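Worksheet for the structure shown next.
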Amino acid sequence: MNLNTKSTQEELNNRKLLFDFWRVVPTIRFMDESFFTIMNQEIRSEILDILREGILDDSILNNERRRRRYALNAQELQKFVGERLQREITLSNIYFHLQKLKEIDCVQELVSIREGKYNVAYFGRTAKLFSSSIRDSEKIREKLNTLRKLFIRLLPSLNPKIDKETIMNLFDEIYQYRLEREQLRFAWLEKHAELLTDLEFDILIIDKFLMELDGSDTKGSRLYSQVSNILNY
């Protein structure tokens, strides 16, 4: 194999990676608090959204069939972020925010491809979804504890027949139920991730829908009905 043939094959492999990497990216990664601190910036949020949604590409690699590509270069991100925010975004600004996202390991540089005179870097997400839900189980407990204290204070006025111990036990059950549902949702997404990827389905949409289903099963209905009855709601 001569040098030119080898170089051409390497370029084809790199371009193929731009499409294929999304199949092997983890479905969910759990992030610590720094993720949400750094993500409190609209350009970074838009970059991650665009990389999750991907863009349609009718490259010759796909036999001229439009296929979704989830790896974009900085110039492409500059264009799409600018369109969404309806203002001019500089390329240096995009690189700055990409670096911040790389530092917390939610964006990776997949490959650098020779295009004309320059090597162009392509970036992709390190997971289809980022979550802190289970890792932040103590935050869930804190929120439920705040509600529990409020309910106990309201009992004399709302429902004097309910005692404090009933409220304490009820919120302990709700806490465990919330964790069970989180784990069930993530296990479902992991199980069906390949199918969802094949269908080019936005996993974030199904994740949010599954969250809306929380409380619809027998156990959830029982727990939340008890809360509703206590509130006379």
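The values are calculated or read from the model by the stated rules, or taken from the named source; none is laboratory data. Remember, predicted model here, so these are calculated numbers, not experimental data. As a convention, Cβ positions derive from the backbone with ideal geometry for all residues, glycine included, and neighbour counts pool all protein chains shown.
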Within the set of pairs 6 or more residues apart or between chains, which connect a residue that is of a type in the set (Lys, Arg) inside region 108-130 to a residue that is surrounded by fewer than 21 Cβ atoms within 10 Å (Cβ to Cβ) and modelled with pLDDT of 90 or more with Cβ atoms less than 7 Å apart?
-> Arg125/Val25; Arg125/Leu48; Arg125/Arg52; Lys128/Val25; Lys128/Arg52
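Among the residues of region 138-146, are any free of Cβ contacts under 8 Å to residues at least 60 places away in the same chain, hydrophobic (A, V, I, L, M, F, W, C), surrounded by 14 or more Cβ atoms within 10 Å (Cβ to Cβ) and in contact with a helix residue (DSSP H, G or I) (Cβ under 7 Å, 6 or more places away or on another chain)? Quick ask: steps written out before the conclusion?
Our first condition is that a residue be free of Cβ contacts under 8 Å to residues at least 60 places away in the same chain; within region 138-146, this holds for 138-146.
After this cut, where a residue has to be hydrophobic (A, V, I, L, M, F, W, C) as well, the list is 140, 144.
From what is left, the residues that are surrounded by 14 or more Cβ atoms within 10 Å (Cβ to Cβ) are 140, 144.
With the extra rule that they be in contact with a helix residue (DSSP H, G or I) (Cβ under 7 Å, 6 or more places away or on another chain), the set shrinks to 140, 144.
Yes, some residue in region 138-146 is free of Cβ contacts under 8 Å to residues at least 60 places away in the same chain, hydrophobic (A, V, I, L, M, F, W, C), surrounded by 14 or more Cβ atoms within 10 Å (Cβ to Cβ) and in contact with a helix residue (DSSP H, G or I) (Cβ under 7 Å, 6 or more places away or on another chain).
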Can you tell me which residues in region 10-52 are small (Gly, Ala, Ser) and either within 19 Å of Val111 (Cβ to Cβ) or surrounded by 13 or more Cβ atoms within 10 Å (Cβ to Cβ) (or both)?
-> Ser45
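Only one of Arg68, Arg114 is out of contact with any Gly (no Cβ under 9 Å at 6 or more places or on another chain) and surrounded by 12 or more Cβ atoms within 10 Å (Cβ to Cβ). Can you tell me which?
On the way: Arg68 fails: out of contact with any Gly (no Cβ under 9 Å at 6 or more places or on another chain).
Checking each option against the conditions leaves just Arg114.
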Filtering region 153-163 down to residues that are closer than 14 Å to Gln226 by Cα and within 41 Å of the chain's Cα centre (by Cα), which residue is surrounded by the fewest Cβ atoms within 10 Å (Cβ to Cβ)?
-> Asp163
Restricting the first residue to region 221-233 and requiring it to be farther than 14 Å from Ile174 by Cβ, which pairs with a second residue that is of a type in the set (A, V, I, L, M) and assigned to a helix (DSSP H, G or I) meet a Cβ separation below 7 Å and a spacing of at least six or different chains?
-> Asn232/Leu158
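Could you say whether any residue in region 59-70 is in the same structural domain as Asn119 (by TED's automatic domain parsing), of a type in the set (A, V, I, L, M, F, W, C) and either within 21 Å of Leu189 (Cα to Cα) or at pLDDT 85 or above (or both)?
Our first condition is that a residue be in the same structural domain as Asn119 (by TED's automatic domain parsing); within region 59-70, this holds for 59-70.
Then drop every residue that is not of a type in the set (A, V, I, L, M, F, W, C), which leaves 60-61.
Imposing the further condition that a residue be either within 21 Å of Leu189 (Cα to Cα) or at pLDDT 85 or above (or both) reduces the set to none.
Within region 59-70, none of the residues are in the same structural domain as Asn119 (by TED's automatic domain parsing), of a type in the set (A, V, I, L, M, F, W, C) and either within 21 Å of Leu189 (Cα to Cα) or at pLDDT 85 or above (or both).
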Boolean, Leu179 is in contact with a Ser or Thr (Cβ under 7 Å, 6 or more places away or on another chain) and either under 23 Å from Ser131 (Cα atoms) or not assigned by TED's automatic domain parsing to the domain that holds Gly54 (or both) | yes
Kindly establish whether Ser92 is assigned by TED's automatic domain parsing to the domain that holds Leu12 and in a helix (DSSP H, G or I).
-> yes
Filter result (closer than 15 Å to Glu53 by Cα and among the acidic types (Asp, Glu)) within region 183-201 | Asp198, Glu200
